[in-house]
Amino acid sequence: MVPFTSEFRAAFADTDAAGIVHFTTVLFWVEATEEALFRELKLPFFVQEEERVKGFPRVRIECDYKFPVYREEVVTIALQPQELGDKKIVWSFKATVQGREVAAGALTTVYAHRTGAGAMAAALIPLPTLTGLRTYFKL
């Protein structure tokens, strides 16, 4: 399976006082890659219909950081589904700099909806979204 990839250049604002990219920045890049995938496939990532919202809230994240990333380095995020279920997606991701893996992990999202300020409730992932992802990743 060929992953979907995005590239990001580490900016000054992404770094801590030591000039190393803050660990949360990698997670931000993973989410941005996920959203870019949905945009490329012309699939809805977040939908708001009057007071009702639908989308993929995050329910679990794990990440192993292997090497630091420094300002101006170009980071490639590779994203692919580890599990594509009826209600949830577990994304596997790797972050690399010039081919060297600097971080890897998994992000679990659940398709859910909410009306107004009510509680989120899990729902079935829309069939066009499942079909689009399965087609792209040849699942």
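The values are calculated or read from the model by the stated rules, or taken from the named source; none is laboratory data. Predicted model only: the values in this text are computed from it and were never measured. Every residue, glycine among them, receives a Cβ derived from its backbone with ideal geometry; neighbour counts consider all protein chains shown.
Among the residues of the range 84-101, is any under 12 Å from the mean Cα position of the chain (by Cα), under 16 Å from Phe45 (Cα atoms) and either assigned to a helix (DSSP H, G or I) or not β-branched (Val, Ile, Thr) (or both)? Yes: the range 84-101 contains one or more residues that are under 12 Å from the mean Cα position of the chain (by Cα), under 16 Å from Phe45 (Cα atoms) and either assigned to a helix (DSSP H, G or I) or not β-branched (Val, Ile, Thr) (or both). If we scan the range 117-124, do we find a residue that is within 18 Å of the chain's Cα centre (by Cα), of a type in the set (A, V, I, L, M) and either part of a loop (DSSP other than H, G, I, E, B) or surrounded by 13 or more Cβ atoms within 10 Å (Cβ to Cβ) (or both)? The answer is no, given that none of the residues of the range 117-124 is within 18 Å of the chain's Cα centre (by Cα), of a type in the set (A, V, I, L, M) and either part of a loop (DSSP other than H, G, I, E, B) or surrounded by 13 or more Cβ atoms within 10 Å (Cβ to Cβ) (or both).
For the range 45-65, the tally of residues that are surrounded by 13 or more Cβ atoms within 10 Å (Cβ to Cβ) and more than 15 Å from Ala121 (Cα to Cα) stands at 4. The set of residues from the range 46-83 being among the aromatic types (Phe, Trp, Tyr) and assigned to a strand (DSSP E or B) comprises Tyr65, Tyr70. Output the residue which, of all residues in the range 88-106 that are over 18 Å from Val75 (Cα atoms) and aliphatic (A, V, I, L, M), is surrounded by the fewest Cβ atoms within 10 Å (Cβ to Cβ). So the residue we want is Val90.
Output yes when any residue across the range 56-78 is out of contact with any strand residue (DSSP E or B) (no Cβ under 7 Å at 6 or more places or on another chain) and either at pLDDT 95 or above or of a type outside the set (Gly, Ala, Ser) (or both), and no when none is.
No, the range 56-78 has no match at all.
Pairing residues of the range 31-42 that are over 21 Å from Ala104 (Cα atoms) with residues that are part of a helix (DSSP H, G or I) and at pLDDT below 95, at Cβ distances under 8 Å and at least 6 apart in sequence or on separate chains, gives no pairs at all. Scanning the range 15-73 for residues that are on the phi > 0 side of the Ramachandran plot and among the acidic types (Asp, Glu) turns up Glu50, Glu72.
Name every residue in the range 1-45 that is of a type in the set (A, V, I, L, M, F, W, C), assigned to a helix (DSSP H, G or I) and more than 14 Å from the chain's Cα centre (by Cα), in order of residue number. Show your work before the answer.
Restricting attention to the range 1-45, the residues satisfying the condition of being of a type in the set (A, V, I, L, M, F, W, C) are 1-2, 4, 8, 10-13, 17-18, 20-21, 23, 26-30, 32, 36-38, 41, 43, 45.
From what's left, assigned to a helix (DSSP H, G or I): 12-13, 23, 26-30, 32, 36-38.
Hits for the range 1-45 are Phe12, Ala13, Phe23.
When every residue of the range 73-83 is checked against the conditions, none turns out to be under 14 Å from Pro57 (Cα atoms) and either without any contact (Cβ under 8 Å) to a residue 40 or more places away in the chain or not charged (D, E, K, R) (or both).
Residue under question is Glu101, and the condition is that it be without any contact (Cβ under 8 Å) to a residue 60 or more places away in the chain, of a type in the set (D, E, K, R) and either out of contact with any Lys or Arg (no Cβ under 6 Å at 6 or more places or on another chain) or within 21 Å of Thr24 (Cα to Cα) (or both); does it hold? Let's see the steps before the verdict.
On the way: without any contact (Cβ under 8 Å) to a residue 60 or more places away in the chain: yes; of a type in the set (D, E, K, R): yes; either out of contact with any Lys or Arg (no Cβ under 6 Å at 6 or more places or on another chain) or within 21 Å of Thr24 (Cα to Cα) (or both): yes.
Criteria met by Glu101.
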